[in-house]
1. Which whole-number value in Å² is the accessible area per residue of the chain, probe 1.4 Å?
2. Any idea what the dipole of the chain comes to, in debye rounded to 20, about its Cα centre with Lys/Arg Cβ at +1 and Asp/Glu Cβ at -1?
3. Projecting each Cα onto the charge dipole of the chain (Lys/Arg +1, Asp/Glu -1 at the beta carbon, about the Cα centre), which of Phe68, Ala14, Ser25 comes out farthest on the positive side?
4. Cα centroid distance between region 1-52 and region 60-124, in Å?
5. Points 7 angstrom from Cα along the Cβ direction at Glu46 and Arg19: gap in nanometres?
6. With each pseudo-label sitting 7 Å past Cα toward Cβ, what's the Gln119-Asp73 distance in nm, one decimal?
7. Scanning the chain for chymotrypsin sites (Phe, Trp or Tyr not before Pro) in DSSP loops with at most 16 other Cβ atoms within 10 Å, what's the longest stretch left with none?
Amino acid sequence: QAQLVESGGGLVQAGGSLRLSCTASARIVGNYAIAWFRRAPGKDREFVAGVSGNNNATSYADSANGRFTLSRDNTHYKNMYLRMNSLTREGTCVYYCAADRYAVKPDHSQNTHWGPGTQVTVAS
């Protein structure tokens, strides 16, 4: 069974940074797109950023653009990272990585595989 596992969440002060990691099982390689979503308390999951399985192109939500950066471990291709800078209280969410074939799918319902999530709490 394909698996995704997130790590790196925790408590951070507003204005600070965190790097989240997503490790995919061997079945999620090659042409799978990997995306990050987040869910604030009482809200639906929202797209944050993703990398295409077709051409490794990255895409970001407006809320993430300029502050968040995706990267992939070129040695261990199944590891992907989300570097988050200048975090605000609105960043207090559970962050999930998701995978589906080919293109990044910002609609969370279109992603097949999900990790359990990692909690990020931003304190003011």
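1. On the way: 6320 Å² over 124 residues.
For the chain, the per-residue accessible area is 51 Å².
2. On the way: 13 positive and 8 negative charges, 29 e Å.
It comes to approximately 140 debye.
3. The one lying farthest along the dipole's positive direction is Ser25.
4. Their Cα centres are 4 Å away from one another.
5. Going from the Glu46 label point to the Arg19 one covers 2.6 nm.
6. 2.5 nm
7. Values: sites that count: Tyr77, Tyr102.
In the chain, the maximal stretch lacking such sites is 1-76.
The values are calculated or read from the model by the stated rules, or taken from the named source; none is laboratory data. Not measured: the values here are computed from a predicted model. Using ideal geometry, Cβ is built from the backbone for each residue, glycine included, and neighbour counts are taken over all protein chains shown. Note: accessible area is taken over every heavy atom of the protein model, side chains too, but ligands, DNA and RNA are not part of it. Shrake-Rupley method; radii C 1.70, N 1.55, O 1.52, S 1.80 Å.
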